[in-house]
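Inspection log for the structure reproduced underneath, given as structure tokens.
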Amino acid sequence: MTLRARNTPAQITAWVRAAVQGCREQILESPEAFDATPVRWIIDRVLQQSKADLGQRLQPVINATGIILHTNLGRSPMSDKAITAANNAARYTNVELNLESGRRSKRGERLMNLLAQLTGAEDALVVNNCAAATVLVLQAIAAGQEVIVSRGQLVEIGGGFRLPDVFRAAGVTLREVGTTNRTYLQDYENAVNDATGAVIRVHRSNFHLSGFVTEPTIDELVLMERPDSVAVIDDLGSGSMVDLTPYGLDEPNVLESIRAGADLSLFSGDKLFGGPQAGILVGKTRWIEKLRRSPIMRAMRVDKLTLAALEATAEIHLAGKALTELPTLRMITTTPDTVRNRCESLLTRLEPSSLLAVVPCESQVGGGSIPGSSLPSYALRISGLPPHHLSHNLRHGQIPIQARVSEEAVVLDLRTVSDQELPSLADGINAAIRETHHFANTETAPE
Ligand SMILES: *Cc1c(COP(=O)(O)O)cnc(C)c1O
């Protein structure tokens with residue numbers, strides 16, 4: 001596509017103006033080093049800008065990194081049913097209308113019922129993400145009061161979301177207890193006073209603490225000595241609904257948190273829950289009602305697309321089909337043998353070459369959940385070509401392919417690629433290898 005077909009005149013004008021300015025500065029700064037003609041220099045700069053712009057345009061990408069919850073690639077991919085539901089809701093939809101009675105209905109009421117059923121909680125609430133859920137809970141339940149948290153759980157999650165800063169922004173006083181490695185129930189109980197609003201447990205989602213380590217379980221926290229007005233909040237982060245220990249993953253489970261009696265449990269919609277971005281809160285009606293009435297709740301509510309996609313995702317969980325129908329859980333539970341067969345099947349679609357090999361590798365769950373745990377997997381390894389050049393060409397095919405570079409080779413872990421994507425993946429790899437060969441032979445510098 002030409003520059004003009006792809007961009008608006010206003011955008012091109014802005015790039016040209018900036019390039020002319022840049023060119024002037026270059027010439028003034030070091031005239032002797034400026035060895036292009038100004039027009040050529042300006043055109044090249046504008047083309048570069050256009051390419052950078054195109055690289056940011058949102059589009060489908062094949063994830064061959066083996067990182068399942070890849071933050072840069074949108075975390076959890078949604079199920080076909082959730083995609084269809086969101087698609088259908090994009091037009092007019094009965095988001096606040098009961099079609100049976102013809103009367104106005106509460107936004108998301110059916111979804112809240114499904115989430116309560118699913119988790120065994122009394123009630124539920126949904127906001128934009130789990131970070132928003134944390135802010136809402138702190139602000140609505142404990143503004144002007146103290147919230148007790150273990151020193152071992154004062155985390156910073158991705159995107160600069162640091163717990164102590166969030167407390168301050170919510171108008172809550174952080175009451176740290178224990179030490180980095182050891183916090184006892186007694187520490188929490190000793191810290192409770194007239195100013196205490198809540199106790200929060202925060203899952204250390206992106207790092208590990210091991211060795212001489214102690215902290216109370218959520219069951220113990222719930223049973224601790226405290227006034228009725230002090231809520232016990234469980235920030236679970238990843239929102240696992242299924243026992244993943246058979247797959248070597250030990251994540252806090254939403255059902256266990258509710259069963260233990262947590263007043264409020266919070267988790268993301270797009271980590272192990274396997275749905276769209278959202279912050280899901282489940283727990284006791286008394287506390288959920290308080291959140292619902294908070295003035296900032298309206299600023300955090302989700303749109304109809306999210307509601308529709310979450311409803312479809314919750315239905316899959318309720319039907320007991322999470323491991324087969326939710327891509328995220330399906331990818332986690334796929335056996336290494338299945339991935340190896342997928343690699344072999346990909347190989348048959350590729351132009352034969354001595355550069356290609358199927359090799360064992362390790363996949364990651366990623367996405368700020370399950371730190372350090374990896375899943376045995378298989379990958380297609382492409383060696384003997386400049387790896388950064390090859391991965392650049394993989395990103396520039398018909399459907400961009402994101403791979404890994406490891407030890408001078410490009411590695412494509414097929415745990416995160418679906419069988420339906422194999423034809424496109426094969427076309428992309430064939431084209432990228434041809435292109436990389438071509439450049440290598442003509443010794444033209446990579447773009
Ligand atoms: C990921 C995570 C969050 C933030 O969730 P988002 O949905 O990304 O906003 C908060 N707390 C914990 C413990 C997390 O793991």
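Amide H to amide H distances under 5 Å link Arg182 with Thr214, where only residues 5 or more positions off or on other chains count and H is placed in the peptide plane.
Take the Cα of Arg17, step 7 Å toward its Cβ, do the same at His438, and the gap between the two points is 3.7 nm.
Amide H to amide H, with H built 1.01 Å from N, Val177 comes under 5 Å of Val149, Ser150, Arg151, counting only residues 5 or more places away or on other chains.
Packing here is the average count of other Cβ atoms within 10 Å per residue, and on that basis the peptides 258-266, 4-12, highest first, run 258-266, 4-12. Packing order of peptides 246-254, 209-217, 294-302, highest average first: 246-254, 294-302, 209-217 (average count of other Cβ atoms within 10 Å over each peptide's residues). Dipole magnitude for the chain: about 1440 debye, using +1 per Lys or Arg Cβ and -1 per Asp or Glu Cβ, origin at the Cα centre.
By the beta-carbon count within 10 Å of each Cβ, the least crowded to most crowded order of Met112, Met224, fewest first, is Met224, Met112. Between Ile27 and Thr173, full extension at 0.36 nm per residue minus the direct alpha carbon distance yields a gain of 47.0 nm.
Compare Lys81, Lys321, Lys106 in a GNM of the chain, Cα atoms joined below 10 Å, and give the one with the largest fluctuation. Top of the fluctuation ranking is Lys106. Taking 27 Å as the cut-off for C-alpha to C-alpha distance, list the pairs among Lys106/Lys290; Lys271/Lys321; Lys106/Lys284; Lys81/Lys284 that go past it. Those over the limit are Lys81/Lys284. Counted as membrane-span-like here are DSSP H helices of the chain whose alpha-carbon atoms extend 27 Å or more along the helix's own axis and whose Kyte-Doolittle mean is -1.0 or above; these are 9-29, 422-442. Summing charges over neighbours of Val177, with a neighbour being any other residue whose Cβ is under 9 Å away from its Cβ, gives 0 when K and R count +1 and D and E count -1. Converting phi to 3J(HN,Hα) with the Karplus coefficients 6.51, -1.76 and 1.60 and the offset θ = phi - 60°, the range 237-251 yields x, 7, x, 6, 9, 10, 6, 9, 4, x, 9, x, 10, 10, 10 Hz in sequence order, with x at every glycine or proline.
Taking every DSSP beta bridge that has both ends in the chain, the antiparallel portion is near 55%.
Ordered by the count of other Cβ atoms within 10 Å of each Cβ, fewest first, Trp15, Trp287 give Trp15, Trp287.
Of the residues Val46, Ile67, Asn87, the one whose Cα sits farthest toward the positive end of the charge dipole of the range 1-101, with +1 on the Cβ of Lys and Arg and -1 on the Cβ of Asp and Glu, is Asn87. Each of the peptides 153-164, 128-139 was scored by the mean count of other Cβ atoms within 10 Å over its residues; in descending order, highest first, they stand as 128-139, 153-164.
Counting Lys and Arg as +1 and Asp and Glu as -1 over every other residue whose Cβ lies under 12 Å from the Cβ of Thr93, the net charge comes to 0.
None of the figures in this text is laboratory data; all of them are computed from the coordinates on show. These numbers come from a predicted model, not from an experiment. Cβ sites come from the backbone with ideal geometry, for glycine too, and all protein chains shown count toward neighbours.
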